[in-house]
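The values are calculated or read from the model by the stated rules, or taken from the named source; none is laboratory data. These figures come from a predicted structure and were not determined experimentally. Quick reminder, even Gly has a Cβ in these numbers, built from the backbone with ideal geometry, and neighbours come from all protein chains shown.
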Amino acid sequence: MEYMYAKGDVFLRFKGKMKEKIKGKKIVVVRKMGILLLMAALAGIIVVSQKTGEYLNSRNKKEVETSGKLKEKAEKEEQTVILDSGHGGRDPGKIGTQGTKEKEMNLCIAKKVEQHLKEAGITVIMTRTDDAGMADSQVEDLKERVKLINETKPVLAVSIHQNSYPDPSVFGTQVFYYTHSREGENAAKVVQEALQKVELQKNREIKANDTYYMLKKTEPPVLIVECGFLSNPEEEALLCEDAYQEKLAEGIANGILSYLQI
């Protein structure tokens, strides 16, 4: 009996240990599964975080690019340039050796400059868009142009003209600025340099002036661009050519854009 009891006791102990062992294995398996599930969840969170980060970075980049484009557009829209076609109406300006009227030449070139600037996104105001002047008399006409410039306050005003001189051998393009305007001098240098790059007949040195009404009576920087000499037969003929006018317009427009740092 004692033997049988002892034997049974050993069996019970063995059975108990087996249960504990099986139970321990189950716990280990459950723990391993839990760890694997946790790792899978973490991996999923990492992937989602990466995708979210990429999306946000992409969105931020687009927002920055859009913001930059809007800012650039706003800055351009804020930069107004006035183009003045000298003379007009009853005032023909200089008359060339072949009868070319300065007022007509000025308007043709100014319109071409306007087109270049508008294509670059610049706001352009023209003092005239046809043959009519801004007033009946030359004095009042000049006063109206000066008034427009001072009231509009453009970053730059450019007056297009043609030159003339008693000596018919004199020719070339020249930019004038107000003697006491440092900003005007800077602008004149930039525009003259741009004109030198478009292969014109001749580019003369920029010149300061303190007697021209438009230069001394305006507050914003103003340039007077003398495109050529109508008193020179060869240059007059060139100034009447559309291709040469386009060269002049390109040079003037490029100079204005460089001055505006665009």
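List of remarks:
- Of all residues in segment 102-156, those being among the hydroxyl-bearing types (S, T, Y) and surrounded by 15 or more Cβ atoms within 10 Å (Cβ to Cβ) number 2.
- Here K202 clears all of (1) surrounded by fewer than 22 Cβ atoms within 10 Å (Cβ to Cβ); (2) more than 14 Å from L248 (Cα to Cα) except the condition numbered (2).
- A208 being small (G, A, S) and either within 19 Å of L117 (Cα to Cα) or in contact (Cβ under 8 Å) with a residue 60 or more places away in the chain (or both): no
- Here A208 meets each of (1) surrounded by fewer than 19 Cβ atoms within 10 Å (Cβ to Cβ); (2) in a helix (DSSP H, G or I); (3) of a type in the set (A, V, I, L, M) with one exception, condition (2).
- Qualifying position, being in contact with a helix residue (DSSP H, G or I) (Cβ under 7 Å, 6 or more places away or on another chain), modelled with pLDDT of 95 or more and either more than 17 Å from I252 (Cβ to Cβ) or not in a helix (DSSP H, G or I) (or both), among I125, I109: I125
- Within segment 211-262, considering residues that are small (G, A, S) and buried (at least 23 other Cβ atoms within 10 Å of the Cβ), the one farthest from the chain's Cα centre (by Cα): G228
- Scanning segment 221-244 for residues that are in contact with a Leu (Cβ under 7 Å, 6 or more places away or on another chain), farther than 20 Å from Y165 by Cα and either part of a helix (DSSP H, G or I) or not hydrophobic (A, V, I, L, M, F, W, C) (or both) yields a total of 2.
- Any pair with Cβ under 6 angstrom, 6 or more apart, that starts in segment 143-163 at a residue that is closer than 30 Å to E236 by Cα and ends at one that is outside any helix (DSSP H, G or I) and of a type in the set (F, W, Y): N163/F229
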